[in-house]
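All remarks here apply to the structure that follows.
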Amino acid sequence: GIPRMNVDASAGTIQIMLEDLEVEGSRRNDIPVNLYRVGTVDEEGNPLFDSGYGIKEMPEDGESMSELSEEIAGKLKEDTACTKRTDDSGTVRFEGLEEGIYLVMFPEENAYGEVDPFLVTIPYYELVEGKVEGPKYEVSAIPKASPSREEMEEVSVKTGDTTQAEGYLIAGAGAVLT
């Protein structure tokens, strides 16, 4: 396993930054973001999902990760969320988080757009030029997002161009960790 340092276990932070989708009717401020703790981390720093999800290990690739995020999102208990709203720059910070696995979700109906759920582990380790760096307790993420279907339908009705709308609907899932 990866050696652990003595770090205050409640020192985790997840910061989420929304990019400007540059679509009429989409805004970044005052958007609700839900954070769910869906697992813990063992003494070696390995993520352990809560038993109710029936998941044994964290997937390695992004596609499996987004499928897993969707699967967990479907099994959530609504009352376990910590919800915060983005500020004027489209940023929200969840601070004082315990070690664990967190699912970040946006309500389906929101004024920003469609954002697929994604998983974040605190602490996380990064492979940089062949060396493992970490544990890191500060996570910044820019979620992949697309304008909502209604907004895209309005755009394609106005312009008669449906290729852009279809392109958005097949866009990938997840987030870019920065």
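Whole-Hz Karplus ³J(HN,Hα) for the range 114-124, in order, using 6.51 cos²θ - 1.76 cosθ + 1.60 and θ = phi - 60°, x for Gly and Pro?
Coupling constants for the range 114-124: 8, 10, 6, x, 8, 9, 9, 10, 10, x, 10 Hz.
To the nearest 0.05, what FRET efficiency results for ASP30 and LYS75 with a Förster distance of 41 Å applied to their C-beta separation?
Details: r = 28 Å, r/R0 = 0.69.
Efficiency for this residue pair is about 0.90.
Using modelled amide H (1.01 Å from N, peptide plane; none on Pro or chain starts), what sits under 5 Å from the amide H of TYR112, excluding residues fewer than 5 places away?
For TYR112, whose amide H was placed from the backbone, the distant partners under 5 Å are ARG27.
Going highest first, how would you order 32-41, 106-115 by mean Cβ packing within 10 Å?
Numbers: 32-41: 19.4, 106-115: 17.4.
By packing density, highest mean first, the sequence is 32-41, 106-115.
5 Å is the cut-off here: which amide hydrogens, built 1.01 Å from N in the peptide plane, fall below it relative to GLU138, excluding neighbours closer than 5 in sequence?
Here THR13 satisfy the definition.
Multiply the residue gap between TYR125 and CYS82 by 0.36 nm, knock off their C-alpha separation, and tell me the result in nm, one decimal place.
Extending this stretch completely gives an extra 13.1 nm.
Between SER51 and GLU138, what length in nm is gained on full extension when 0.36 nm per residue of separation is reduced by their alpha carbon distance?
Going from the current span to full extension adds 28.7 nm.
Where a number appears in this text, it was derived from the coordinates with a stated rule and is not lab data. Computed from a prediction, not measured in an experiment: that's the story for all the values here. Positions of Cβ are backbone-derived with ideal geometry, glycine not excepted, and every protein chain shown enters the neighbour counts.
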